[in-house]
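Everything below concerns the one structure shown next.
Read-outs: derived from the displayed coordinates by stated rules, not from any lab. This is a predicted model, so every value here is computed, not measured. Glycine also receives a Cβ, built like all others from the backbone with ideal geometry; neighbour counts cover every protein chain displayed.
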Amino acid sequence: MTKKTIRLLMPQWQGGNNPNYSFGAELLAWLAPDNDQPLIHVPVQAYDGTPLENENGMNGRTQLLEQLEAAQHIIDAHKPDRIVMFGGDCLVEQAPFAYLNERYGGELGLIWIDAHSDLVRYVGYDNGHTLPLGNLLGEGDEEFAKHVKIPLKPENVFIAGLATPTEQEIEVISEAFQRLGIAPTEPDTEVIQRLGIKTAEAQELTNSTESIKEWIKESGIKHLAIHLDLDVLDPKAFRSLLFANPEAPYNYSPAGTMQMLQLLNLIRELSEETDVVGLGITEHMPWDSINLKNLLGEIPILNN
């Protein structure tokens with residue numbers, strides 16, 4: 001029987017408090033191969049120059065909740081078997097992956113390919129894109145987590161590609177956190193240990209992906225969703241990342257180290273091991289295209 005697959009374009013920017021995420025999502029959807037899968041736009045409130053309001057410790061909370069509910073309504077109306085999500089900040093993953101976990105009886109496997117865990121809130125850095133995996137596990141932010149009818153099982157989650165900060169990064173991040181008063185509500189390493197979530201750093205996966213294959217077999221993962229935050233990639237090799245901003249360095253978390261071919265091989269192997277029913281790609285920040293678009297927008301003859 002043919003499985004019903006839909007593509008969602010959700011150019012959400014409020015979760016990272018950066019309007020450039022919207023253009024990154026749109027370009028990502030345009031770059032993806034054409035096929036007969038319908039592409040459905042999730043309505044997102046465009047940036048109008050007004051700063052986001054910090055609501056109960058989260059920038060743009062009301063907008064983010066409204067957009068989460070819009071994505072849920074679209075998915076529920078289509079009732080797909082498989083979902084592809086083009087984001088946007090990482091918080092776009094909540095609606096599709098929560099739905100897929102329901103669709104597959106609470107037994108969905110989720111591999112979180114990301115330089116960061118996205119499990120906890122950081123006080124003083126009040127952006128929702130630090131929380132999607134926590135929300136999906138029934139933790140995270142209470143107001144968002146209650147939209148997850150069946151939380152994912154921690155043993156069905158694997159975080160791949162975690163970045164280990166260099167000594168220089170530790171120094172820079174610590175200075176920024178101290179200066180801005182940023183602190184996690186609970187260290188993500190403690191959450192990972194408390195919940196028993198399996199992880200692998202990018203360097204480990206360079207040598208072997210056996211730990212992921214063993215997890216799939218031991219956990220009996222029959223249906224798998226893949227979260228891909230492009231910041232898992234090495235910004236020296238792939239420049240369309242928040243970490244590769246040519247004008248302002250990003251000093252709040254360590255950069256990814258994974259290479260493009262390594263990432264592709266991992267996703268191919270996952271597709272051979274089990275039934276991939278979800279794919280979300282997020283945090284695309286194409287600086288050259290963004291700057292060129294802004295330049296074109298200011299040229300008089302193009303705007304008469």
- Looking only at GluC sites (Glu not before Pro) in DSSP loops with at most 12 other Cβ atoms within 10 Å, what is the longest site-free stretch of the chain? 54-246
- Item | Backbone HN-Hα couplings from phi across segment 286-298 [Karplus 6.51/-1.76/1.60, Hz, Gly and Pro as x] | x, 4, 4, 5, 4, 5, 5, 4, 5, 4, 4, x, 9
- Note on the structure: Those chymotrypsin sites (Phe, Trp or Tyr not before Pro) from segment 1-81 that are DSSP loop and have at most 16 other Cβ neighbours within 10 Å turn out to be Y47
- Along the positive direction of the dipole of segment 5-302 (beta-carbon charges: Lys, Arg +1; Asp, Glu -1; about the Cα centre), which of G49, I221, Q63 reaches farthest? I221
- For segment 261-275 and segment 2-79, distance of Cα centres in Å: 26
- Item | segment 258-304: Rg to Rh, with Rh as the Kirkwood radius over Cα pairs | 1.31
- Note on the structure: Cα-based Rg/(2.2 N^0.38 Å) for segment 5-302, rounded to two decimals, is 0.95
- Query: For segment 72-223, what is one quarter of the convex hull surface built on the Cα atoms, given in nm²?
  - Reply: 9.8
- Task: Please get the size of the charge dipole for the chain, origin at its Cα centre, with Cβ charges of +1 on Lys and Arg and -1 on Asp and Glu, quoted in debye to the nearest 20.
- Result: 780
- Item | Gyration tensor (Cα) of segment 1-110, equivalent ellipsoid semi-axes in angstrom | 25, 17, 11
- Counting DSSP beta bridges with both ends in the chain, the antiparallel % (nearest 5): 15
- Query: ³J(HN,Hα) across segment 196-201 via Karplus (A = 6.51, B = -1.76, C = 1.60, θ = phi - 60°), whole Hz, x for Gly/Pro?
  - Reply: x, 7, 7, 9, 8, 7
- In segment 159-230, if every C-alpha pair distance is counted and binned at 10 Å from zero, what percent goes to each bin? 15, 37, 33, 13, 2
- For segment 147-266, what value does the Rg/Rh ratio take when both radii are computed over Cα atoms and Rh is the Kirkwood radius, given to two decimals? 0.99
- If you project the alpha carbons of segment 192-244 onto their three principal axes, what span does each projection cover, largest first, in Å? 38, 25, 21
- Can you give the helix-only mean residue ellipticity at 222 nm for the chain, where every DSSP H stretch with n ≥ 4 adds -39500 (n - 2.57) and the sum goes over all residues, rounded to the nearest 500 deg cm²/dmol? -10500 deg cm²/dmol
- Pull out the extension gain between E214 and S271, defined as 0.36 nm times the separation in residues minus the alpha carbon to alpha carbon distance; nm, one decimal. 19.1 nm
- Query: Which three lengths, in whole Å and largest first, does segment 221-300 cover when its Cα atoms are put on their principal axes?
  - Reply: 54, 29, 21
- Vicinal HN-Hα couplings computed from phi for segment 145-157 (Karplus, 6.51 cos²θ - 1.76 cosθ + 1.60; Hz; Gly/Pro x): 4, 5, 7, 9, 5, 10, x, 5, 6, x, 6, 9, 10
